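The block underneath contains the structure these notes are about, expressed in structure tokens.
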Amino acid sequence: MNNSLAKSYKGILSVALVIFCVSFSYSQKKSSVDSIQIKVESLLKKMTLEEKVGQMNQYTGFWEVTGPAPKEGNAKLKYEHLRKGMVGSLLNVEGTTNVRKLQEIVVKESRLGIPLLFGFDVIHGHKTLSPIPLGESASWDLDAIEKSARAAAVEASAVGINWTFAPMVDITRDARWGRVMEGAGEDPYLGSKIGIARVHGFQGDDLSASTSIIACAKHFAGYGFVEAGREYNTVDVGTSTLYNIILPPFKAVVDNNVRTVMNSFNVLNGIPSTGNKFLQRDILKNKWHFDGFVISDWASGAEMIQHGFAKDLKQAAQIAANAGSDMDMESYAYVNYLKQLVEEGKVDIKVVDDAVRRVLRVKFELGLFDNPYKYCDAKREKETIDHPNRAAVLDIAKKSIVLLKNESNILPLNKNQQSIAVIGSLANDKNSPLGNWRLGSVDSTAVSFLEGFSKYNANYKYAKGTNLAIGKTAFGSDIEINETDTSEFVEAINLAKQSQMVIMVLGEHSHQSGEARSRTKIGLPGVQQQLLEAVYKVNKNIVLVLMNGRPLAIPWAAEHIPAILETWELGTETGNAIASVLFGDYNPSGKLPMTFPRSVGQCPIYYNHYNTGRPSPKGEVFWSHYIDESVKPLYPFGYGLSYTKFEYSNLTIDSSNAKNIKVSATITNNGNRVGEEVAQLYIHQSVASVVRPVKELKGFEKFSLKPNESKTITFTLTDKELGFYDNEGNYVVEPGDFDVMIGTSSQEGLVGSFTKK
Ligand code: BGC
């Protein structure tokens, strides 16, 4: 055999091998899918209507499992329902003893013994906490984000949980909304990538593994667009925003096998999500072929009565089931009325069967029928909780920090620097940095700022300056912010006078963001702004360390304070992560996932807006602007500095292949420290049948460079990146002229253009 023949022979062999392997693994997968289907069908046949409805019912488990001491709801009734197979899932139960006890009731005492799903809001870690999701998103580090979700899954699964109500993939543009802390920010491309990473982290490669828990993409859909940022408010968005901004992250995670989707509290264009057939059936299940199940949000079925969409709970059950909401969380709507509705012919049994099939499928996939107690290993629970994965949460905490300003390279700090004043009650707070949504963790378990800081420099002096929170309840909130008491100012000012440098740790209380924590003022809460200005008067050498759950409007600080570090709420390892950045052990690499406004009046403000017909000033009155504020943000999407300097050069575009356009640039580290940069690719189509945003993120890459090192990054633009959804929801790709930018933020980079044929 001559050489070339041998090569082609080998080639044929390897192609055949590949085909064999692909079809083998495909048929293996298919056969396991089929075997689950067979099991589901055979179980379904045995089920009474009441038992079927049971699988569609979820109760909260806030009651003592080992005794009848109901704290909420009717515990006696719930136990009775568990025994009768009238419950498919519980939420808010944790601990292997509790979970086992409840699982035993259904497995041993109910007629068919169908195991329960145990859901929990594992939002950014369970007991050990990562940064709040908005903070994690600032890392733009998909690998670290996935690892953080994995660490959360390992912990949650060890305490009996097999389902997390995360990730929240709602796109959010309005910093007034408290739940911005729970999402990935304003961009659908970044949000999709982060959603996929988090789903994969939770679900792992194999759902039947004992550390895999099912994920839940929420809230379907539009919840991030509540009007005026007011929680639970109405959502009214156009089709272009729905298809191009709101839905893509959901589609991305559905394409990546997310097993559940949660609908939302809001009305979307006049229809409550829980009763929205267009969303749940037409789009999610029919168009996207989602084969997991939909869970309602907490009592969102019943809330359709308040919305004026259902006259009573029975009609709410009818509407929700027909619209494709498969499981009812705490409305009692299905458990009370669904059987009757089927018997009356108001809900087709096929609707119920379809929902039950979906729920059972997921239970089989998790391996619960093989071993209902697979998450109930007390030994593993103890080992996991005693040895939490703090490395993963520290890593993502460091990567989430964003350097907003660093005049005259005031940062990083010198480890031996003398006379540092640390001011701000958040510096000494072990609780607030944990952020909101931490049901499984213990209060006050964060490494505080001071604890982390003192490991590097013990020569500091501390004055709290003010108490951020002084009590409970103001406007129905569970905390009251100090708006008046300045009695601690004097001590802080005196300390600042005597010190070479001042570090001020200011920001929000953790319960100022999260569910039901909308705000109309998004500056520094309480008297902190006053404190900052008072300290500045005596010492201008200030590093401002921000802790907050949303973008803040801090134009005064941005103008006057020489260095600003955005640290969000970083979770368990807060103090260690911040100290390593302040002292330069870790070079900050985060980039904002959400625009920081100059003033609350600019909200909603976001980078990927459309152009207006009157975009530019030209010294005229009649253009799109405010007469009392700039139209520009304080800090744009994608923005974040480093202790080193990255230079972008040599933008090249190859559009010869219209299906595969290559755009590249060279990035050089021109500073004297190793650093990570996130190179971002943005496009803009000049003319299209539906107007296109001024810029859209379509690629990014995070990489590390040594001093003087260069890297050429190439992005590939295919139809997947260059098209958009038209107003009927069809994906279209239109030839034409495009601007393209590779840069360090959404506002700064190398700009070029190409024509797509
Ligand atoms: C929230 C959901 C959460 C559910 C269960 C609701 O209030 O909107 O995101 O998963 O409660 O705790």
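Would you check which residues across the range 710-728 are closer than 21 Å to T755 by Cα and open to solvent by 70 Å² or more (accessible area, probe 1.4 Å) and list them?
Hits for the range 710-728 are T714, K720.
So which of T172, T96 ends up being away from the ligand (no atom under 16 Å from the Cβ), in contact with a Gly (Cβ under 8 Å, 6 or more places away or on another chain) and either farther than 22 Å from E569 by Cβ or at pLDDT 95 or above (or both)?
Unique residue meeting the criteria: T96.
Sort through G275, G308, G301 and tell me the only one that's free of Cβ contacts under 8 Å to residues at least 12 places away in the same chain, under 24 Å from E231 (Cβ atoms) and small (G, A, S).
None of the others qualify; the one that does is G308.
Only one residue in D443, D370 is at pLDDT below 95, exposed (fewer than 15 other Cβ atoms within 10 Å of the Cβ), away from the ligand (no atom under 16 Å from the Cβ) and not small (G, A, S), so which one is that?
The conditions single out D443.
For the range 284-311, name all the residues that are more than 16 Å from the ligand (Cβ to nearest atom), assigned to a helix (DSSP H, G or I) and open to solvent by less than 10 Å² (accessible area, probe 1.4 Å).
Scanning the range 284-311 gives a single hit, L284.
Report yes if K405 is assigned to a strand (DSSP E or B) and within 28 Å of the chain's Cα centre (by Cα), otherwise no.
yes
Among the residues of the range 660-669, is any under 23 Å from the mean Cα position of the chain (by Cα) and either under 26 Å from L403 (Cα atoms) or free of Cβ contacts under 8 Å to residues at least 60 places away in the same chain (or both)?
No, every residue in the range 660-669 fails to be under 23 Å from the mean Cα position of the chain (by Cα) and either under 26 Å from L403 (Cα atoms) or free of Cβ contacts under 8 Å to residues at least 60 places away in the same chain (or both).
Inspect all residues belonging to the range 64-72 and state whether any of them is closer than 29 Å to Y337 by Cβ and either modelled with pLDDT of 95 or more or in contact with a helix residue (DSSP H, G or I) (Cβ under 6 Å, 6 or more places away or on another chain) (or both).
yes
Can you list residue pairs whose Cβ atoms sit under 9 Å apart, with the first residue in the range 496-507 being closer than 24 Å to T574 by Cα and the second being at pLDDT below 95 and small (G, A, S)? Count only pairs 6 or more apart in sequence or on different chains.
M501/S419
Could you look through the range 315-350, keep only residues that are closer than 22 Å to D282 by Cβ, of a type in the set (A, V, I, L, M) and open to solvent by 10 Å² or more (accessible area, probe 1.4 Å), and pick out the one that is farthest from the ligand (Cβ to nearest atom)?
Out of the qualifying residues, it is I349.
Return the residue satisfying two criteria in turn: it lies in the range 663-674 and is over 21 Å from L651 (Cβ atoms) and not basic (K, R), and of such residues it is surrounded by the most Cβ atoms within 10 Å (Cβ to Cβ).
Among those residues, the one meeting the criterion is G671.
Which one of these does S240 not meet: (1) open to solvent by 40 Å² or more (accessible area, probe 1.4 Å); (2) among the polar types (S, T, N, Q); (3) touching a residue at least 60 places away in the same chain (Cβ under 8 Å); (4) within 30 Å of V733 (Cβ to Cβ)?
Looking at each condition in turn, S240 falls short on (1).
The values are calculated or read from the model by the stated rules, or taken from the named source; none is laboratory data. Since this is a predicted model, take the numbers as computed values, not measurements. Positions of Cβ are generated from backbone atoms using ideal geometry, with glycine treated the same way; all protein chains shown enter the neighbour counts. Just the protein is used for accessible areas: all its heavy atoms, side chains included, with ligands, DNA and RNA removed. Shrake-Rupley method; radii C 1.70, N 1.55, O 1.52, S 1.80 Å.
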